[in-house]
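Beneath this line is the structure, given in structure tokens, with notes to follow.
The values are calculated or read from the model by the stated rules, or taken from the named source; none is laboratory data. Please read all numbers here as calculations on a predicted model, not as lab measurements. Don't worry about glycine lacking a Cβ; one is built from the backbone with ideal geometry, like all the others, and counts go over all protein chains shown. Quick note on the areas: whole protein, heavy atoms, side chains included, nothing else; ligands and nucleic acids left out. Shrake-Rupley method; radii C 1.70, N 1.55, O 1.52, S 1.80 Å.
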Amino acid sequence: MRIAPVIRLSPEQRTVLESQVRSRSLPLRVVERSRIVLFAAAGRQDKDIAVLLSMTPKKVSRWRKRFLALGVAGLLQTRPGQDANPRSVRA
């Protein structure tokens, strides 16, 4: 059985992530990513988090790794080429 990398949060990181989880103005995907990291920091494995949040373990693993590599800022990134304003109308 593979064990996911451990996440240890600084008090500042925990505060930011908890704030993002409670936010009503952030995109849902950022809230979801923050939840993943908070569950991971609590010691839960990817499979358990996936069940709790109704997603695939692969998705949980991706965001755990992204957080470990880039920190909180990594959770806010969009895909390359993704329009910053998805509701904008192209002429």
Subject >> Cα Rg over Rh - region 1-45, Kirkwood >> reply: 1.02
Original post:
Against the longest principal axis of the chain, how steep is helix 57-70, in degrees 0 to 90 to the nearest 10, with axes from Cα atoms?
Top reply: 80
**OP:** For the chain, report the accessible area per residue in Å² (1.4 Å probe, heavy atoms, rounded to an integer).
**Re:** 73
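How high is the FRET efficiency from LEU26 to VAL6, r the C-beta distance, R0 35 Å, rounded to 0.05? Kindly include the intermediate steps, with their values, before the conclusion.
On the way: r = 26 Å, r/R0 = 0.74.
For R0 = 35 Å, the calculated efficiency reads 0.85.
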**OP:** Just need log10 I(q)/I(0) for the chain at q = 0.19, 0.25 Å⁻¹, Debye formula, equal scatterers on the alpha-carbon atoms, no solvent, rounded to two decimals.
**Re:** -0.88, -1.36
